[in-house]
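So the structure is just underneath, and the comments pick up after that.
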Amino acid sequence: MRLAINIDHVATVRNARGGLLPDPIAAALIAEKAGVKGIVCHLREDRRHIRDEDVVRLRKAITTKLDLEMSIAPDIVAVAKRVKPELATLVPERRKELTTEGGLDVVRFSKKVRKTIEQLHDSVIAVSLFVDPVRGQIEEAKAIGADMVELHTGEYAEAHTRSEQNKHLKQIRAMASFARDLGLEVNAGHGLDYTNIQPIAAIDDIEEVSIGHAIIARAVFVGLEHAVREMVELIQGKNIK
Ligand code: PXP
């Protein structure tokens, strides 16, 4: 399983002082050196962390793969078509939320999402849909032409008891297998951290996990390169010292 890092919160810290540091592009390069296979950033409508120029600079600087997380708003789709990331991950977006809440309702917004997928495919950008691990959403994702789904692991990550966590894990495992059988590639993410990653990493049908907050938070104490290497080791099934 591959690790992709979401670097939004490097930009959050930078923006807190209005200057240039820490630079999210420098963070992406360190993370690549430490073993990530992709860089993820979310260009939000309110540009609260990543900005347009960051996406352009990332596109030029990184050597792995750029995954642009985005809503289906036309101006953001236009940015994606200009920058041409390898992958666009479509997510729901609400202005007041602290972070993405819940998966995209592909069934409800099927027509609009299909149109966005077509526009992105016209620019040779692969499309992943961030969905709850629910059969109907995955079936619709396939029906409207998505290449991939990213299964939302938030409920698993936030479960308060072991049995609740196991219930969500079972559902994620079943839906990863279901999506693969439909011919979709499968990623997973949201809320994954150093304590809960290993059961997800053991699911063979999931090819990549997208992790942001936990790695950036740990990097404050141990440095980014170390924080990434620790997560890579956990994903590979090693116990970190
Ligand atoms: N995947 C998606 C689609 C997300 O929206 C986010 C949060 O930006 C993540 C993964 C990463 O979540 P976290 O920061 O909790 O690791």
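A few points about this structure:
Okay, residues lined up against (1) closer than 19 Å to Pro22 by Cα; (2) buried (at least 16 other Cβ atoms within 10 Å of the Cβ); (3) within 18 Å of the chain's Cα centre (by Cα); (4) of a type outside the set (A, V, I, L, M, F, W, C):
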| position | (1), (2), (3), (4) |
| --- | --- |
| Asn196 | no, yes, yes, yes |
| Ala201 | no, yes, yes, no |
| Val220 | yes, no, no, no |
| Val228 | yes, yes, yes, no |
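- One residue from Arg2, Arg44, Arg82, Arg94 being touching a Lys or Arg at 6+ places or on another chain (Cβ under 6 Å) and basic (Lys, Arg): Arg2
- Qualifying residue in region 89-102 (condition: of a type outside the set (Gly, Ala, Ser), away from the ligand (no atom under 13 Å from the Cβ) and either touching a Phe, Trp or Tyr at 6+ places or on another chain (Cβ under 7 Å) or within 22 Å of Ala4 (Cβ to Cβ) (or both)): no
- Subset of region 2-35 [more than 18 Å from Val220 (Cα to Cα) and crowded, with 20+ Cβ neighbours inside 10 Å]: Leu3, Ala4
- Of all residues in region 124-147, none are of a type in the set (Gly, Ala, Ser), away from the ligand (no atom under 16 Å from the Cβ), under 23 Å from Val77 (Cβ atoms) and touching a residue at least 40 places away in the same chain (Cβ under 8 Å).
- Within region 95-112, at least one residue is open to solvent by less than 70 Å² (accessible area, probe 1.4 Å) and in a helix (DSSP H, G or I).
- Of the residues making up region 168-175, not a single one is touching a helix residue (DSSP H, G or I) at 6+ places or on another chain (Cβ under 9 Å), outside any helix (DSSP H, G or I) and either crowded, with 19+ Cβ neighbours inside 10 Å or of a type in the set (A, V, I, L, M, F, W, C) (or both).
- Filtered residue count, region 39-79, keeping only those that are open to solvent by less than 10 Å² (accessible area, probe 1.4 Å), farther than 25 Å from Arg114 by Cα and either in contact (Cβ under 8 Å) with a residue 60 or more places away in the chain or part of a helix (DSSP H, G or I) (or both): 2
- Residue in region 118-128 that is part of a helix (DSSP H, G or I) and out of contact with any helix residue (DSSP H, G or I) (no Cβ under 9 Å at 6 or more places or on another chain) present: yes
- Residue within region 63-72 that is under 20 Å from Val10 (Cβ atoms) and hydroxyl-bearing (Ser, Thr, Tyr) present: yes
The values are calculated or read from the model by the stated rules, or taken from the named source; none is laboratory data. Computed from a prediction, not measured in an experiment: that's the story for all the values here. Cβ: placed from backbone, ideal geometry, glycine included. Neighbour counts: every protein chain shown. Side chains included, ligands, DNA and RNA excluded: accessible areas come from the protein's heavy atoms. Shrake-Rupley method; radii C 1.70, N 1.55, O 1.52, S 1.80 Å.
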